[in-house]
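Worksheet for the structure shown next.
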Protein chains: 2
Amino acid sequence: MKKDIIVTPWEVKGNIDYDKLIKEFGTEKIDDKILNRIKKHTKDIHYMLRRNIFFSHRDLNWLLDEYEKGNKFFLYTGRAPSGPVHIGHLVPWIFTKWLQEKFNVELWFQLPDEEKFLFKENLTMKDTEKWTYENALDVIALGFDRRKTHFLIDTRHANLMYKEAVKVAKKLTFSSAKAAFGFTNETNIGQIFYTAMQAVPAFLPSVLAGKKIPCLIPLGFDQDVHFRYTRSVISKLGYYKPAIMHCRFLPGLQGLEKQGKMSASDEQTAIYTIDSKENVEFKIKKYAFSGGRETIKEHRKKGGNPEIDVSYQWLTFLEEDDKKLEKIYNNYKNGSLLTSELKQILIEKLNKFLKEHQRKRELAKKQVERYIYKGF
Amino acid sequence: MKKDIIVTPWEVKGNIDYDKLIKEFGTEKIDDKILNRIKKHTKDIHYMLRRNIFFSHRDLNWLLDEYEKGNKFFLYTGRAPSGPVHIGHLVPWIFTKWLQEKFNVELWFQLPDEEKFLFKENLTMKDTEKWTYENALDVIALGFDRRKTHFLIDTRHANLMYKEAVKVAKKLTFSSAKAAFGFTNETNIGQIFYTAMQAVPAFLPSVLAGKKIPCLIPLGFDQDVHFRYTRSVISKLGYYKPAIMHCRFLPGLQGLEKQGKMSASDEQTAIYTIDSKENVEFKIKKYAFSGGRETIKEHRKKGGNPEIDVSYQWLTFLEEDDKKLEKIYNNYKNGSLLTSELKQILIEKLNKFLKEHQRKRELAKKQVERYIYKGF
């Protein structure tokens, strides 16, 4: 990767070459062969798989081998609360929900309320407590099965998690943490330890069940480093290495190259799930990077460039209907669809989704406690 | 300190110069002036204070100021379970019990069951779980007030402790931990984090009470480093810096210089609280370093050296009666008391103590759960 491309758990920026990511970090492509294996069980193929939004994996063939032998897996993903949830966060969760439904499996959802506290100077534990609740509402609003979904909140489940994290931590040295995360001698000792807590939900259900259960983690590629680092330790502790599926980054409103992936802390890159419809309209119109031409005349003549147009790219993450999407692509490319019209399609799509999401988010307020794991 | 003198939480060895320890680590002497201040409240002075076994402190005058203003303190000490309790461990606890009685205060007793697991290659969490229970019996056997004594077991109280430890950890960098504990890049990330957990009981009662409560920590000098390192962080979090009282090291059977402080992992240095009376007799007779002369004739003529005689030194930690002790000192010094006779005095003292301790230790088995903190 060139130096101007950054992929860490804290920053993603640049014109990402996803093939190079696969090569550099030793993951595997999600190709037609494995898609067909998945389809045998799911009947259809989620649009995020069809469109290669989930593009890379680790040990997915092994996971399917186990599944086919009757050894069901569980899902594990999460969210470190530090601010409002935006559309980019929803991408892996929407896919995770599909996996939960299709494979009829348990989901362990981690809300590590200490992580961002440790990594962000000005964030307090009171702040992350508030965001833990707020973010939990967004997760529930997506419709995860309450009987099969278990929230783990690090400080509230420390009685379960700290003991297991310590076992992971014993097998990891500072120099290896330094190499994996780019830590320095000035890194605080909580940050250094934290990755051990993130490893725990990948094997905690096995600890609780008293038997090894395979684990599948759908996540953004930037989070891969945690498991790249701890997978072999998990296996040394006597559990299965978790399998992983990686998704691409939803670009910020101004594009990946200029601005990086959507960031909750930058108002100008993100659409939050709690944004009003006026706010959505305003931000898309004002900030969404356009692949259109300078003038309408020129656009009609030469056509726009959907490859760099953020509104179009967002629709590839959000519009389930392939035919609709293809039509938009073609019309934008041939100039019959103007940038303002494309933006309008996205605004309507987003606002329709958010209206429903916000309604469910309101209902979720009564359900939060019931999603929090209590079986201990 | 010379290089052949070692004082770390993991090793104590050499001919310790306690005045130099005070100077080097910036603590204060426990002198007659402060003893008189203590005596105002306790009426008598514990023999461990009279004999300067507790020889050093931090902020004890401040603590007494607060006490005299009506601002009661709580006590905090602990034990990292990794093996059986020996006589050396009991020294600060016996004194702590006296403080609890005289000042009528709460005691928070930490049993960090992850600490030695992280620091000892071959120790498992199952091992430390077993030793947590076994060691708790010894603490209870000393007679701490059940209504005022609260055990904190790190993995069982992680829901209370981890959240607070993370706040401590955020303010400590790896380079400062390196300097304080001599860590290297090959230190595991659990060890690096652990000191934050040890800091927590010094302010947890304040968190629970919702107000600042002074804290007094009686401990062996080797444990001072944890609080030297975290005291200022605790104050940055808005709590009082804990006051500390430091005790000398009970030498191993073969003497501090040769063998270091009594160590639970070395059978030949230690008398365990669960040793049989035959075992005590055997070990003292075989291993206890003698300050006597080569022959009985020479001993009668020139006298022995109580300063280097381990049996005598142990009696200074165990024999409450000053007059008895003085008589033993004089008789050994003038040669009328032989080493074998001195050893016999120690054997009888120890076995009398251990018989009673073991009886109470048996009764403690029904009480352990009642000492474990549950108010959360």
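The values are calculated or read from the model by the stated rules, or taken from the named source; none is laboratory data. These numbers were taken from a predicted model, which means no experiment stands behind them. Note: ideal-geometry Cβ built from the backbone for every residue, glycine included; neighbour counts use all protein chains shown.
Among the residues of the stretch B:122-164, write down those that are in a helix (DSSP H, G or I) and of a type in the set (Asp, Glu). Matches in the stretch B:122-164: B:127, B:129, B:134, B:138, B:164.
Matching residues to (1) over 26 Å from the mean Cα position of the chain (by Cα); (2) within 19 Å of residue B:313 (Cα to Cα):
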residue	(1), (2)
B:273	no, yes
B:276	no, no
B:279	no, no
B:296	yes, no
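Scan the stretch A:281-292 and give yes if some residue there is over 19 Å from residue A:255 (Cβ atoms), at pLDDT 95 or above and either assigned by TED's automatic domain parsing to the domain that holds residue A:349 or among the acidic types (Asp, Glu) (or both), otherwise no. Yes, because at least one residue in the stretch A:281-292 is over 19 Å from residue A:255 (Cβ atoms), at pLDDT 95 or above and either assigned by TED's automatic domain parsing to the domain that holds residue A:349 or among the acidic types (Asp, Glu) (or both). Among the numbered conditions (1) within 27 Å of residue A:180 (Cα to Cα); (2) at pLDDT 95 or above; (3) surrounded by 21 or more Cβ atoms within 10 Å (Cβ to Cβ), the only one that residue A:48 does not meet is (1).
Select, from B:243, B:264, the only residue that is within 28 Å of residue B:137 (Cα to Cα), in contact with a His (Cβ under 8 Å, 6 or more places away or on another chain), of a type in the set (A, V, I, L, M) and at pLDDT below 95. Full working, then the answer.
Details: B:243 fails: at pLDDT below 95.
After applying the criteria, what remains is B:264.
Taken over the stretch A:332-376, the criterion of being more than 23 Å from the chain's Cα centre (by Cα) and aliphatic (A, V, I, L, M) is satisfied by A:337, A:338, A:342, A:345, A:363.
Which helices (runs of 4 or more DSSP H) sit wholly inside the stretch B:175-237 and have at least 3 residues that are at pLDDT 95 or above and crowded, with 24+ Cβ neighbours inside 10 Å? Spell out the reasoning first.
On the way: elements: B:189-199, B:204-209, B:224-236.
Counting at least 3 such residues, we get B:189-199.
When the stretch B:156-183 is filtered for residues that are more than 8 Å from chain A (Cβ to nearest Cβ) and more than 18 Å from residue A:114 (Cβ to Cβ), the ones remaining, listed by number, are B:176, B:179, B:180, B:181, B:182. Checked against (1) in contact (Cβ under 8 Å) with a residue 40 or more places away in the chain; (2) within 23 Å of residue A:214 (Cα to Cα); (3) among the hydrophobic types (A, V, I, L, M, F, W, C); (4) surrounded by fewer than 21 Cβ atoms within 10 Å (Cβ to Cβ), residue A:63 passes all but a single condition, namely (4). Within the stretch A:270-310, if we keep just the residues that are without any contact (Cβ under 8 Å) to a residue 60 or more places away in the chain and closer than 25 Å to residue A:360 by Cβ, the residue that is surrounded by the most Cβ atoms within 10 Å (Cβ to Cβ) turns out to be A:283. Taken over the stretch A:54-89, the residue count meeting the criterion of being within 24 Å of residue A:288 (Cβ to Cβ), of a type outside the set (Phe, Trp, Tyr) and in a strand (DSSP E or B) is 1.
Checked against (1) free of Cβ contacts under 8 Å to residues at least 12 places away in the same chain; (2) of a type outside the set (Ser, Thr, Tyr); (3) within 10 Å of chain B (Cβ to nearest Cβ), residue A:188 meets all criteria but (1).
If only residues of the stretch B:192-242 that are β-branched (Val, Ile, Thr) and under 21 Å from the mean Cα position of the chain (by Cα) are counted, the one that is farthest from the other protein chains (Cβ to nearest Cβ) is B:217.
Which ones in the stretch A:14-28 are in a loop (DSSP other than H, G, I, E, B) and either of a type outside the set (Val, Ile, Thr) or surrounded by fewer than 15 Cβ atoms within 10 Å (Cβ to Cβ) (or both)? Lay out the reasoning, then the answer.
In the first step, residues of the stretch A:14-28 are kept if they are in a loop (DSSP other than H, G, I, E, B); the result is A:14-17, A:26-27.
Passing the criteria: A:14, A:15, A:17, A:26.
The set of residues in the stretch B:77-94 that are out of contact with any Asp or Glu (no Cβ under 8 Å at 6 or more places or on another chain) and more than 20 Å from residue B:106 (Cα to Cα) comprises B:83, B:86, B:87, B:88. Looking across the stretch B:165-174 at every residue that is of a type outside the set (A, V, I, L, M) and not in a helix (DSSP H, G or I), the one that is nearest to residue A:162 (Cα to Cα) is identified as B:170. Being buried (at least 21 other Cβ atoms within 10 Å of the Cβ) and not hydrophobic (A, V, I, L, M, F, W, C) is the filter here; which residues of the stretch A:101-115 pass it? Result: A:110, A:112, A:113, A:114, A:115.
Scan the stretch A:314-339 for residues that are in a helix (DSSP H, G or I), without any contact (Cβ under 8 Å) to a residue 60 or more places away in the chain and among the polar types (S, T, N, Q) and jot them down.
Residues of the stretch A:314-339 that are in a helix (DSSP H, G or I), as a first pass: A:314-318, A:322-333, A:339.
Subsequent filtering for residues that are without any contact (Cβ under 8 Å) to a residue 60 or more places away in the chain retains A:315, A:323-333, A:339.
A:330, A:331, A:339, listed by residue number.
Of everything listed in (1) among the hydrophobic types (A, V, I, L, M, F, W, C); (2) in a helix (DSSP H, G or I); (3) in contact with a Gly (Cβ under 9 Å, 6 or more places away or on another chain), the single unmet condition for residue A:347 is (3).
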